[in-house]
Amino acid sequence: MEIELERTFLLKELPKDIKKCKSVEILDIYFPTTMPHPILRLRKKDNQFILTKKAPVKNDASEQKEQTIILSEEEFLALSTLPGKKLRKIRYYYPINKYLAEIDIFLDDLQGLALVDFEFPSIKEKERFSIPDFCLVDITQEDFIAGGSLAGRKYSDIEQFLKKCNYHKIEFLPNNF
């Protein structure tokens, strides 16, 4: 088990040179469906198949206990038949200063939503991090934006929360970008 130190921001705009960055399509399935915010995640990321349990430390979403199990494709396919809440996104790995921003552009029913995560090596560095210009607002502690809460939802389900943050839909067509 490791502790992940992370902050999440709504994206104000896509960085102009994002199309030069490495990207990957991700499929996440969250379990169980009876929980409003499931913390058990099955993930397909390229040819990687992962089962992760991720939960906040002391009710602080910026510090997460993370347990990961690498799966075979066969195991992933078997588990993916279980009822779960799904979401798909394209993740761009965008270098900025000494960090690697993970910019998530959501697809399907969440199209228009774009988030960015930054991971940190220490609590001190996490706390003194300055928000980049392409980010709108820190939403790390907002439960409605966590992956397990977003899975299985539509953009219209979270639109009121986003409006309170002055967020505007990010128009993104992966094939035309």
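Derivation of every value follows stated rules applied to the coordinates shown; laboratory data play no part. Because the structure is a prediction, the values reported are computed rather than measured. A quick note on method: Cβ atoms are made from the backbone with ideal geometry, for glycine too, and the neighbour counts reach across all protein chains shown.
Relative to the current alpha-carbon distance between residue 3 and residue 74, full extension at 0.36 nm per residue lengthens the span by 22.7 nm.
Express in nm, to one decimal, how much length is gained between residue 47 and residue 98 on full extension, taking 0.36 nm for each residue of separation and deducting their alpha carbon distance. Don't jump to the answer; show the numbers that get you there.
Details: separation 51, 0.36 × 51 = 18.36 nm, distance 2.75 nm.
Fully extending the segment from residue 47 to residue 98 adds 15.6 nm.
Among all stretches of the chain without exposed GluC sites (Glu not before Pro) (DSSP loop, at most 14 other Cβ atoms within 10 Å), which one is longest? Mind dumping the intermediate values first?
Working: sites that count: 13, 171.
Result, exposed sites excluded: 14-170.
Once you've got the Cα coordinates, tell me which of 54/85; 45/86; 45/164 are over 25 Å apart. Result: 45/164 exceed 25 Å.
For the residue pairs 16/169; 98/163; 16/124, the C-alpha atoms sit more than 22 angstrom apart in 98/163; 16/124. Were the residues from residue 22 through residue 124 laid out at 0.36 nm apart, the gain over their Cα-Cα distance would be 33.9 nm. The alpha carbon gyration tensor of the chain gives principal lengths a ≥ b ≥ c with a/c below 1.5, which makes the shape rounded.
Take the alpha-carbon positions of segment 84-129, form their convex hull, and give its projected area averaged over all directions (one quarter of the hull surface) in nm². Projected over every direction and averaged, the Cα hull of segment 84-129 covers 4.4 nm².
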